[in-house]
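*Asks:* Structure below; questions to follow.
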């Protein structure tokens, strides 16, 4: 007897249909959604707002929480990258002045030009210090170095010197030495071991101020340095000097220490030499032939035209500069090749400086990567030197960047926006 065909079961057919549909969807998820999830695991960094009490004028790495902020009223805040409310440290600080940090201390210029020092909650001052309003402060283990105004009441007619301040037995501080050489009014001294002696190094600062040789004014005034000097850190007497002959100047305010692998522990200084053909990257080192001299060890090609400038950045190893950061902004990396600094073009549409500003480097280095703003300052571009300087990703910002601060031992960079807001950008 021929078996009768089974009648169709609607529910069973529906189940089979659903299984086929589900299988197809799973295959589609595997082919499309899963790769998207994998990419998201290494996606661009997050942007999150940092807690601030007021809109800020400046930010600086360091302090008790790792990040400091200064508002327009002169109140200094310790900002926490982790989110708690900011901690008020002081008032009466000059809002436009640089802050110095290190060795458990914070140094700043008061609104009246005095020196203010914070250490473990204790405050020390030198009310009569006459600190220069736009200069840097360098905190050493046993002292604070500052640029002071000497002579006439009008600082435009007065020479500026490097001064060393040390604490007394009480909380007060006092000046113990002063340089003989006149330095830039807005100079930023740095500590660097140019001789490779391993003693922590001495003080490099741009000096020989001149307002006629190269009147460009890209860094806030038309006063440029004609000398670079290396001062003994205690008595501030000159140990080594380099003077540029006319018409050249150092169009810079802060030389940047860089490591020299073949120099037995000695370091060099990265800066900018400018002249009739524009700016060029310069590497300055101790002169091995003259005990009291510095030398131009290597130079890059000029940017290409009178009053064309470049903005260097380095984390101590890589030599990088943005050519013409105000008009196009072209990022280059350099390598040392004998007496030449040979450049390689990386990308356009970047800028690490606003014309007329004394903030010469808006780039940051985070976990080995270079973070550089776009030309309009509303985007951060993240490059990886280990991957042939490939651009890893970009990070849009909710405003225009005016300052950056790489937080030590953190995976983020703090960014001050034009409206005074601070955002943290990172992993």
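Bear in mind that the values in this text are calculations on the coordinates, not laboratory data. This one's a predicted model, so the numbers in the text were calculated from it and none came from an experiment. A quick note on method: Cβ atoms are made from the backbone with ideal geometry, for glycine too, and the neighbour counts reach across all protein chains shown.
*Asks:* Can you give me the relative contact order of segment 191-357 as a percent, contacts being Cα pairs under 8 Å and 6 or more apart? Could you put the intermediate results ahead of the total?
*Replies:* Details: 443 pairs, mean separation 27.3, N = 167.
Here the relative contact order equals 16 percent.
*Asks:* Can you give the FRET efficiency for residue 318 and residue 355, using 1/(1 + (r/R0)^6), R0 = 22 Å, r = Cβ-Cβ distance, to the nearest 0.05? Provide the component values of the computation, followed by the final result.
*Replies:* On the way: r = 25 Å, r/R0 = 1.14.
Calculated transfer efficiency: 0.30.
*Asks:* Over the chain, what is the mean sequence separation of C-alpha contacts under 8 Å (at least six apart), divided by residue count, expressed as relative contact order in percent?
*Replies:* Working: 1089 pairs, mean separation 43.6, N = 427.
Relative contact order of the chain: 10 percent.
*Asks:* So which residue, out of 133, 385, 81, gets the largest mean-square fluctuation from a GNM of the chain using Cα contacts under 10 Å as springs?
*Replies:* Fluctuation is largest for 385.
*Asks:* What is the calculated FRET efficiency for residue 238 to residue 408, with r their C-beta to C-beta distance and R₀ = 45 Å, to the nearest 0.05? Provide the component values of the computation, followed by the final result.
*Replies:* Details: r = 32 Å, r/R0 = 0.71.
Result of the calculation: an efficiency of 0.90.
*Asks:* Here's something else I'd like to know. Take the Cα gyration tensor of segment 108-195, multiply each eigenvalue by 5, square-root it, and list the three semi-axes largest first, rounded to whole angstrom. Spell out each step's value before the answer.
*Replies:* Numbers: eigenvalues 84, 57, 24 Å².
Semi-axes from the Cα gyration tensor: 21, 17, 11 Å.
*Asks:* Starting from 0.36 nm per residue, how many nanometres of slack lie between residue 375 and residue 427 once their C-alpha separation is accounted for?
*Replies:* Working: separation 52, 0.36 × 52 = 18.72 nm, distance 2.35 nm.
Gain on stretching residue 375 to residue 427: 16.4 nm.
*Asks:* With a Cα-only, solvent-free Debye model of the chain, what are the log10 I(q)/I(0) values at q = 0.09 Å⁻¹?
*Replies:* Once normalised to I(0) and log-transformed, intensities are -0.59.
*Asks:* Tell me the Kirkwood radius of segment 149-286: reciprocal of the mean inverse pair distance over distinct alpha-carbon atoms, in Å. Before the final figure, lay out each step's value.
*Replies:* Values: mean 1/r = 0.0630 Å⁻¹.
Across segment 149-286, the inverse of the average 1/r is 15.9 Å.
*Asks:* On to the next question. Over the alpha-carbon set of segment 274-427, work out the extent along each principal axis and list the three values in angstrom, largest first.
*Replies:* 51, 34, 29
*Asks:* Please work out the Cα center distance from segment 243-270 to segment 77-135, rounded to the nearest Å.
*Replies:* 29 Å
*Asks:* Taking 8 Å as the Cα distance limit and 6 or more residues as the minimum spacing, I'd like the relative contact order of segment 63-168 as a percentage. The partial results should precede the final answer.
*Replies:* On the way: 235 pairs, mean separation 17.4, N = 106.
Dividing the mean separation by the residue count of segment 63-168 yields 16 percent.
*Asks:* What is the gain in length, in nm to one decimal, between residue 91 and residue 111 on full extension, counting 0.36 nm per residue of separation less the C-alpha to C-alpha distance?
*Replies:* Values: separation 20, 0.36 × 20 = 7.20 nm, distance 0.93 nm.
That works out to 6.3 nm of additional length.
*Asks:* May I ask you to compute the full-extension gain from residue 306 to residue 263, defined as 0.36 nm times their residue separation minus their alpha-carbon distance, rounded to one decimal in nm?
*Replies:* Details: separation 43, 0.36 × 43 = 15.48 nm, distance 3.39 nm.
Residue separation times 0.36 nm, minus the Cα-Cα distance, leaves 12.1 nm.
*Asks:* Take the Cα gyration tensor of segment 73-120, multiply each eigenvalue by 5, square-root it, and list the three semi-axes largest first, rounded to whole angstrom.
*Replies:* Details: eigenvalues 73, 36, 14 Å².
In descending order the semi-axes read 19, 13, 8 Å.
*Asks:* Mind telling me which of 230, 389, 365 comes out most flexible in a GNM of the chain, alpha-carbon contacts under 10 Å?
*Replies:* Maximum among the listed residues: 389.
*Asks:* Sticking with this one: In what sequence, highest mean first, do 259-266, 353-360, 369-376 appear when ranked by Cβ atoms within 10 angstrom? List each step's numbers first, then the result.
*Replies:* Numbers: 259-266: 12.5, 353-360: 16.8, 369-376: 21.1.
Per-residue Cβ counts within 10 Å, averaged per peptide and sorted highest first, yield 369-376, 353-360, 259-266.
*Asks:* So what's segment 191-357 giving for Cα Rg divided by 2.2 N^0.38 Å, two decimals?
*Replies:* Rg over 2.2 N^0.38 Å, computed on Cα atoms: 1.00.
*Asks:* For the Cα atoms of the chain, what angle does the longest principal axis make with the long axis of helix 10-28, in degrees from 0 to 90, nearest 10?
*Replies:* 20 degrees
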